[in-house]
Amino acid sequence: MARYRQQRIVNNLCQQKIYLSLARLRFSSKRHAGTLAGKLRQCLQSSEVKTLSIQQIHDPDSSLGDEHKIVDRIYNAVMQQNLPPMTKLSESTICESFGVGRMKARRALLLLASQGIVELRSNRGAFVASPTKSDADEVFEARIHIEPSLTAQVAKRIDARGLKALTKHINKEKAARRSGDRQEIIRLSGEFHVLVATVSGNGFLARTLRELVTRTSLIVAMFGSGKASCCRDDEHEQILEAIKNRDAGRASDLAREHLEHIQLDLDFSQTHQPEPDLVSLLKAR
């Protein structure tokens with residue numbers, strides 16, 4: 001029964017990602033639409049997908065440059081837990097922060113909503129998503145079902161380029177911890193999981209993990225204790241060591257334990273933070 005439920009969750013996630021990706025085609029050129037649809041078919045038909053970089057995970061259509069600047073900055077603010085759940089994102093504030101018109105602000109909010117970062121409420125506007133305990137349980141159930149097997153696959157198939165990317169990332173995490181840069185630690189902690197999915201070579205799973213990790217950041221921002229503000233110090237390094245040693249079983253076990261630790265550190269009695277000064281937070285420095 002549990003296995004059936006887990007499979008249903010993954011199937012629903014995949015189906016949702018297809019619908020959302022096809023919905024985004026409305027904002028793209030016909031040529032790019034064909035490219036993206038082709039990538040979707042390739043991901044669904046073959047487990048050996050061409051490796052995509054972090055940059056390639058994003059829609060490359062240059063006509064959406066301003067919208068993606070908005071999406072990326074709000075995404076990073078959420079990942080760093082600077083933008084708490086339930087924060088109102090008004091079109092006028094986005095226009096002022098980025099120097100864009102309302103149409104681009106609306107398109108950016110639609111893209112953020114399609115990724116689960118923003119909730120669009122009728123007659124009230126856009127708000128940073130506010131997950132519930134039930135949402136948290138579902139997100140972690142999905143991640144625990146996906147990431148251990150994905151990490152095991154990476155341990156079996158990773159090449160020198162992938163190992164170099166993961167090692168470089170771990171070194172950045174260590175440097176951030178030494179300097180006490182909490183925001184950078186939080187950002188890098190989340191991105192490690194997306195990077196593991198990226199080096200697997202499956203761009204579809206990398207995009208799925210990016211959404212799940214973003215939702216996890218919202219959950220941690222809302223319910224995290226001090227311990228849960230980011231991943232525990234050495235657990236990513238242990239996962240990397242298992243990957244380097246091609247020990248798929250240990251890599252899988254460590255990935256599962258790591259996610260369980262994050263979930264156990266949540267405190268659902270926490271209240272959300274006060275709203276920040278959005279213009280100051282989102283404007284380019």
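Values quoted throughout were computed directly from the atomic coordinates according to the rules given, and no laboratory measurement underlies them. Not measured: the values here are computed from a predicted model. Note that we place each Cβ from the backbone using ideal geometry, even for glycine, and neighbour counts take in every protein chain shown.
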A student applying the Cα gyration tensor rule (rounded when a/c is under 1.5; otherwise prolate if a/b is larger than b/c, oblate if not) would label the stretch 137-254 oblate
Once L120 and R232 are pulled to full extension, the length gained, defined as 0.36 nm per residue separation minus their Cα-Cα distance, is 37.0 nm
Rounded to 0.05, the calculated FRET efficiency for the beta carbons of N245 and D181 at R₀ = 41 Å is 0.85
Calc'd 3J(HN,Hα), the stretch 253-260, phi into Karplus 6.51 cos²θ - 1.76 cosθ + 1.60 (θ = phi - 60°), Hz, glycine/Pro = x, comes to 4, 5, 5, 5, 4, 4, 5, 5
Cα-based Rg and Dmax for the stretch 131-181, in Å, come out at 15.4, 40
For A129, other-chain or 5+-apart residues with amide H closer than 5 Å (H placed, Pro excluded) are M86, V118, E119
So R157 and M86, fully extended at 0.36 nm per residue minus their Cα-Cα distance, gain in nm 21.5 nm
Ranked output for segments 76-89, 97-110, 159-172 by mean other Cβ atoms within 10 Å, highest leading, reads 76-89, 97-110, 159-172
Once Lys and Arg are counted +1 and Asp and Glu -1 for all other residues with Cβ under 9 Å from that of L209, the total becomes +1
